[in-house]
Amino acid sequence: MMNAQISKVDKRDARLSMAYITVAFIALAVGGLMGLLQTLVRSGKLELPGGINYYEILTAHGVLLGLGLTTYFILGFQFAAVSRTAGTLSSKARLSGWIGFIVMVIGTIFATWMILTNKATVLYTFYAPLQAHFLFYLGLTLLIVGSWIACGAMIATYMRWRKQNPGKPSPLLCFMVVVNSLLWIVCTLGVAGEVLFQLLPWSLGLVDTVNVLVSRTLFWYFGHPLVYFWLLPAYMAWYVIIPKIIGGKIFSDSLARLVFILFLLFSIPVGFHHQLTEPGIDASWKFVQVVLTFMVIIPSLMTAFSMFATFEMFGRSKGAKGLFGWLKKLPWKDARFVVPFICMVAFIPAGAGGIINASNQMDQVVHNTIWVTGHFHLTVATTVVLTFFGISYWLIPHLTGRVFTKAMNRLAIIQAICWTIGMAFMSGSMHLEGLLGAPRRTAFTTYGNAQQALDWIPYQVAQAIGGSILFLGIVLIIVIVINLAFFAPKGEQDFPIGEIAENAEKTPMVLENWKIWSTVLAALILIAYTVPFMDMIQNAPPGSKGFKLW
Ligand code: HAS
């Protein structure tokens, strides 16, 4: 079955995909409200009513948006992408998709319930020795197990395609989904190990203490690739969907595949760059992982090159002249293009911030300051999430049999402008305040009226202004999503898939040789982690009992 012949996602697959996307937007609404409250509390202008504490809503915000919105949206999008390019899911794969969904929802309900009842105020990184109720950890376990079942269904559909089309490269979008799913499965093994072997028994009282360093290391073994699990679906849209929307071609199929393979290889063995200030890890192993971190920057630089090439090729084909003449030829009134384009522009300072964080000496200045919060609001909350909004504008109507009207297109552009202004205020002032030494993960305090802390307050007020504008952005996106799901006129909305440029090189099949890539991946992980991990276990300090500070 060739992908070119399949132009619509099967109705049954569309329902599955919409189920995931619906939960994603519910998480956005609730988590977004928590974000607004946080910025207001931190500005010193609001006290939460009814004894609700700041860290409780901070945990809800991080878990619902960082782990909920992203994972559900990505799986929903990926199911649609696989069904559109590799053919309708088999009934077994679809059933697995539903089972995965139900398991994930049960897990999400457990975790959210514990957070909202103040029994899991441990923030989204659930760092030991902070200890949550065991149902929180069980909820996270179910979330991960459910996602594995869903990813398994996608990989099985890809394998069916390969079997039916021997010797041919798989559809690019489907290939990308498989890479992201593999990345997810391999990295979540770390957090699954942490939760199952350390945190669950500890929270149930089966063991008294936990090895904190091991738990954090397992978390970051998962935590950094997690950010690329978020990023890669945005890259899928940039590489495959955007060229079609602007009327151009994909610059190079091989380059896009190579970029995804590089992410698979280099995004995992780099967790130590989150632990550069952590004692107990030898500096030479931190150095190894920082070098690998700089390797994982390369595929993003290749992506920047590829996007510029796609835009320029298109512009020149329309007669653009001069160095930047092609910019004028892009479809500036189409939200499906404009919104992801804003994300690309935002990723330039966002990525530069990441490179600063990854540099050992500079990280000493910014680590655990609110600079880092500014960094991830530009990366995940702008580059990634705004691209997800851009995807929703054609994907949701495609799945619900409706159309993206001109009025909604206008609202979507207003939404993106709100997001850009709100984020410029919020993330910009977080970066600046961080450079002045303000810590992250902290409720409002003046530290006994210390001058340094008083100097931070104007930045915190700017964050509250930005946060309020962003919340308006959340209201607008929810209005658009409800319209596209239930009220927009019935019709056919295209699921755009770009074609490869005629003069692009032929795709080498080695890019799809999973034996090679999984061997290299395993080797890199073993090189980066084996010795320091054994060291953490053999020379472990006394474990810590659990703390509940709320
Ligand atoms: Fe990061 C902390 C390093 C990317 C998310 N990061 C975080 C945390 C999160 C996060 C959530 O090394 C906080 C975790 C916590 O709670 O503690 N990050 C990096 C590096 C990159 C990077 C090197 N991060 C991301 C992405 C994220 C994300 C992507 C989410 C999606 N990050 C770190 C480090 C820390 C960290 C340390 C720990 C700090 C600490 O001390 O705790 C790189 O991947 C960035 C590479 C990106 C580029 C940009 C390429 C630009 C492109 C756009 C092209 C534009 C076009 C349009 C075509 C090199 C592709 C142009 C048009 C025009 C008209 C101009």
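The values are calculated or read from the model by the stated rules, or taken from the named source; none is laboratory data. All figures in this text were calculated on a predicted structure; none of them were measured in a lab. All Cβ positions, even for glycine, are placed from backbone atoms using ideal geometry, and neighbour counts span all protein chains on display.
Each row is one residue, and each column tells you yes or no for (1) assigned to a helix (DSSP H, G or I); (2) within 30 Å of VAL372 (Cα to Cα); (3) of a type in the set (S, T, N, Q).
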| residue | (1), (2), (3) |
| --- | --- |
| ALA407 | yes, no, no |
| CYS418 | yes, yes, no |
| ILE421 | yes, yes, no |
| TRP456 | yes, yes, no |
| PHE471 | yes, yes, no |
| VAL475 | yes, yes, no |
| VAL479 | yes, no, no |
| ASN483 | yes, no, yes |
| PRO496 | no, no, no |
For ILE356, are the conditions met, namely being in a helix (DSSP H, G or I), within 11 Å of the ligand (Cβ to nearest atom) and over 23 Å from LEU64 (Cα atoms)?
yes
Pick from LEU470, LEU521, LEU484: which is at pLDDT 95 or above and closer than 30 Å to GLY280 by Cβ?
LEU521
Considering the stretch 286-327 alone, what residues qualify as being surrounded by 17 or more Cβ atoms within 10 Å (Cβ to Cβ) and more than 11 Å from the ligand (Cβ to nearest atom)?
VAL288, MET313, PHE314, GLY315, ALA320
Identify, from the list ILE246, ILE242, the residue that is within 16 Å of GLU312 (Cα to Cα) and buried (at least 23 other Cβ atoms within 10 Å of the Cβ).
ILE242
In the stretch 328-340, which residue that is in contact (Cβ under 8 Å) with a residue 60 or more places away in the chain and assigned to a helix (DSSP H, G or I) is nearest to the ligand (Cβ to nearest atom)?
PRO340
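Surrounded by fewer than 24 Cβ atoms within 10 Å (Cβ to Cβ) and assigned to a helix (DSSP H, G or I): which single residue out of ILE396, ILE414 fits that description?
Working: ILE396 fails: surrounded by fewer than 24 Cβ atoms within 10 Å (Cβ to Cβ).
That would be ILE414, the only listed residue that is surrounded by fewer than 24 Cβ atoms within 10 Å (Cβ to Cβ) and assigned to a helix (DSSP H, G or I).
Identify, please: which residue in the stretch 196-220 is farther than 17 Å from VAL186 by Cβ, part of a helix (DSSP H, G or I) and β-branched (Val, Ile, Thr) and is, among those, nearest to the ligand (Cβ to nearest atom)?
Taking the candidates together, the pick is VAL212.
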Of residues in the stretch 497-510 being buried (at least 18 other Cβ atoms within 10 Å of the Cβ) and of a type outside the set (Gly, Ala, Ser), the one nearest to CYS174 (Cα to Cα)
ILE497
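In the stretch 532-542, what count of residues is obtained for those that are surrounded by 13 or more Cβ atoms within 10 Å (Cβ to Cβ) and touching a helix residue (DSSP H, G or I) at 6+ places or on another chain (Cβ under 7 Å)?
Qualifying residue count, the stretch 532-542: 3.
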LEU189 vs. criteria closer than 25 Å to LEU276 by Cβ, without any contact (Cβ under 8 Å) to a residue 40 or more places away in the chain and either away from the ligand (no atom under 16 Å from the Cβ) or of a type in the set (Ser, Thr, Tyr) (or both):
yes
I'd like the residue in the stretch 380-431 that is over 18 Å from ILE242 (Cα atoms) and polar (S, T, N, Q) and, out of all such residues, is nearest to the ligand (Cβ to nearest atom).
SER427
Taking the stated definitions as given, is PHE287 hydrophobic (A, V, I, L, M, F, W, C) and under 26 Å from the mean Cα position of the chain (by Cα)?
yes
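Going by the structure shown, is ALA128 within 16 Å of the ligand (Cβ to nearest atom) and touching a helix residue (DSSP H, G or I) at 6+ places or on another chain (Cβ under 7 Å)?
Taking the combined requirement at face value, the residue satisfies it.
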Do any residues in the stretch 221-236 that are more than 7 Å from the ligand (Cβ to nearest atom) have Cβ atoms under 6 Å from those of residues that are outside any helix (DSSP H, G or I), where the two are at least six apart or on different chains, and which pairs are they?
HIS224/VAL270; PRO225/SER267; PRO225/ILE268
Cβ-Cβ under 6 Å pairs, at least 6 apart or on other chains, the stretch 301-314 side among the acidic types (Asp, Glu), far side more than 8 Å from the ligand (Cβ to nearest atom):
GLU312/TRP326
